[in-house]
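Here is the structure we will look at, set down as structure tokens.
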Amino acid sequence: MSQPASTLSEAPPSNRFALAALLLGGAAIGGSPIFVRLSEVGPMATAFWRVALALIPIFIVSLMKKERGPKPQNLSDYGMLVLPGVMLALDLGAWHLSLTMTSVANATLLANLAPVFVTLIAFLFFSAQISRIFILGLAVALCGVVILKGGPAAVGNGDLSGDGMAMIAAFFYACYILAIGRLRSGFDTIRIMLWSTACAAVCIFPIGLIYEDHMLPATVYGWSIVFGLAFISHAGGQVAITYALAYLPPAFSSLTLLLQPVVAAILAWALLSEAIGAMQALGGAIVLAGIMVARRG
């Protein structure tokens with residue numbers, strides 16, 4: 001990686017612009033549980049189409065770009081470009097599998113422990129400075145997620161093995177965020193997304209063939225769901241997050257993504273007629289408060 005982010009073709013924005021991209025990305029990904037739930041194919045097949053179809057808009061944008069960032073120069077660069085895709089494939093596979101093994105509340109909550117893993121890994125292995133205010137904001141936001149998902153009682157209703165699988169998904173997503181954050185010091189957003197998305201598709205496809213009875217949606221409605229998941233949640237959400245990671249710390253970025261369960265609850269109310277009670281509203285407000293506190297740190 002021969003050039004820093006400031007020399008790439010993307011002009012450095014203000015932190016507010018990068019934060020807006022991060023929030024939009026988190027909101028776009030927040031719709032993914034709804035798409036997965038509405039999908040006509042199984043969880044692994046849905047995960048494959050999520051990344052495979054997302055390559056279409058990402059590739060088109062890469063062709064339209066007049067200025068290209070630096071290219072990989074050696075095996076180390078290629079390995080770093082492949083790594084996020086492997087981590088993303090493991091994350092999607094583990095999380096989608098956990099949805100079939102434990103309660104939806106547990107799977108969603110535990111998969112959103114990624115900020116904890118990001119903070120710990122960044123502190124232990126990358127000597128990142130973590131302030132007390134950030135830790136407080138992280139704790140507040142995680143408490144909000146627990147309340148949003150129905151409180152401690154709802155969390156206790158899952159299957160232990162499924163809960164463990166959801167936590168594994170959180171660990172792999174943390175690794176994905178950290179790998180993207182490291183790559184953004186040398187490569188532009190579209191190059192990273194092309195490599196990571198293509199690699200994830202290659203990794204998930206054989207798992208889908210083994211795990212699922214069929215891979216193809218049967219109706220136009222089924223295809224519209226996987227296209228929506230691919231274009232909105234991945235091509236839209238992940239591209240925005242990858243862009244923002246060039247300008248915002250990975251630990252804070254992962255914390256902001258706790259907006260996902262809030263967005264998922266709102267969409268479930270709007271599209272699936274799932275009621276939002278006082279506890280869910282309170283949990284969402286606490287998540288937002290925690291993010292605001294952490295930003296000050």
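R0 = 35 Å: FRET efficiency of Phe125 with Phe17, Cβ-based, nearest 0.05?
Rounded to the nearest 0.05, the efficiency is 0.75.
What is the spin-label model distance, in nm, from Ile210 to Arg37 if the labels are put 7 Å beyond Cα along the C-beta direction?
For Ile210 paired with Arg37, the spin-label model returns 3.0 nm.
Which FRET efficiency value, to the nearest 0.05, do you get for Ile60 and Trp269 by plugging their Cβ-Cβ distance into 1/(1 + (r/R0)^6) with R0 = 30 Å?
Working from the Cβ atoms, E equals 0.35.
Using 7 Å Cα-to-Cβ label points, what is the Ala218/Tyr78 separation (nm, one decimal)?
So the label points at Ala218 and Tyr78 sit 4.3 nm apart.
Counting only protein chains, not ligands or nucleic acids, how are Lys65, Lys71 ordered by accessible area (probe 1.4 Å), most first? Could you put the intermediate results ahead of the total?
Working: Lys65 50, Lys71 130 Å².
Solvent-accessible surface, decreasing: Lys71, Lys65.
If packing is taken as the mean number of other Cβ atoms within 10 Å per residue, what is the order of 20-27, 184-191, highest first?
184-191, 20-27
How would you order 33-42, 47-56 from highest to lowest mean count of nearby Cβ atoms within 10 Å? If you can, show how the numbers build up before the last one.
On the way: 33-42: 20.0, 47-56: 24.5.
So the peptides 33-42, 47-56, ranked by packing, come out 47-56, 33-42.
The values are calculated or read from the model by the stated rules, or taken from the named source; none is laboratory data. Since we're looking at a predicted model, the values are computed, not measured. In this analysis, Cβ positions are derived from the backbone assuming ideal geometry, glycine residues included, and neighbour counts consider all displayed protein chains. Each accessible area value is taken on the protein alone, full model and side chains, heavy atoms only, with ligands, DNA and RNA left out. Shrake-Rupley method; radii C 1.70, N 1.55, O 1.52, S 1.80 Å.
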